[in-house]
1. Tell me the Rg and the Dmax, in Å, that the Cα atoms of segment 26-84 produce.
2. Once both labels are modelled 7 Å past Cα along the beta-carbon direction, what's the residue 138-residue 54 spacing in nm?
3. Extension gain residue 44-residue 86, at 0.36 nm per residue separation less the Cα-Cα distance, in nm?
4. How much length is gained on full extension from residue 127 to residue 74, taking 0.36 nm per residue of separation minus their Cα-Cα distance?
5. Applying 1/(1 + (r/R0)^6) with R0 = 45 Å to the Cβ-Cβ distance of residue 35 and residue 156, what FRET efficiency is obtained, to the nearest 0.05?
6. What net charge is computed for the residues neighbouring residue 57, neighbours being all others with C-beta under 13 Å from the C-beta of residue 57, Lys and Arg scored +1, Asp and Glu -1?
7. Among residues other than residue 29 whose Cβ falls under 12 Å from its Cβ, what is the net charge (Lys/Arg +1, Asp/Glu -1)?
8. Please find the FRET efficiency linking residue 163 to residue 61, where r is the Cβ-Cβ separation and R0 is fixed at 45 Å, and quote it to the nearest 0.05.
Amino acid sequence: MGATLKHFLPALRMMLATIFLAAAPAAAQQVTLERDSPLYAEARLDASQVTQLKQGATGEVVGKQGAWLNLKTAGGSGWLFSFNVRFQSQAGSGDSATGATAGRLFGPRRTVAVTSSIGIRGIEEEDLKQATFNAAQMLLLDGYVATRQMAERGARASGLAPEQVEFMGTK
């Protein structure tokens with residue numbers, strides 16, 4: 001009986017440790033802002049602005065919605081584009097070779113070159129075969145037409161003024 005218990009206890013300890021680690025809450029993701037960014041009350045550009053965050057500020061991601069992150073910062077909580085942040089490393093930052101490499105890979109960047117792309121589904125041959133004319137959609141499309149006068153009036157109402165720009169090839 002003693003030998004069986006001796007072999008069973010390490011397995012029991014391992015199983016309990018696994019259960020406790022699985023039950024522990026996941027560490028929140030820490031982020032650093034790559035550029036000055038507004039923090040919005042909701043995940044919309046037309047939402048009220050909670051605060052203006054400065055480049056280098058840090059925060060904790062508490063939620064995600066599409067390309068938006070719900071962020072908790074010292075300046076307040078709100079939403080901003082995920083393109084404006086860099087996720088911090090979960091790795092240690094000790095003096096070991098691994099830590100030094102992780103620091104170079106995940107540490108602050110001196111220059112920022114962010115590129116993003118969004119995939120757009122094209123029109124397939126099958127879509128074209130099944131397409132039909134929709135007069136209501138054409139009328140709706142015609143409703144979006146703006147004349148030059150309408151565009152100029154809208155620009156003036158927004159505080160824009162015409163500006164003469166030289167053609168690039170003239171000098």
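1. For segment 26-84, the Cα-based Rg and Dmax read 10.2, 32 Å.
2. Placing both labels 7 Å along Cα→Cβ, they lie 5.8 nm apart.
3. On the way: separation 42, 0.36 × 42 = 15.12 nm, distance 2.05 nm.
Additional length available on full extension: 13.1 nm.
4. Length difference between fully extended and current span is 14.1 nm.
5. The value I calculate is 0.90.
6. Value of the local net charge: +1.
7. Its environment carries a net charge of +2.
8. Values: r = 42 Å, r/R0 = 0.92.
After rounding, the FRET efficiency stands at 0.60.
Computed from the coordinates by the stated procedures, all read-outs in this text should not be read as laboratory data. Please read these numbers as outputs of a predicted model, since none were measured by experiment. Quick reminder, even Gly has a Cβ in these numbers, built from the backbone with ideal geometry, and neighbours come from all protein chains shown.
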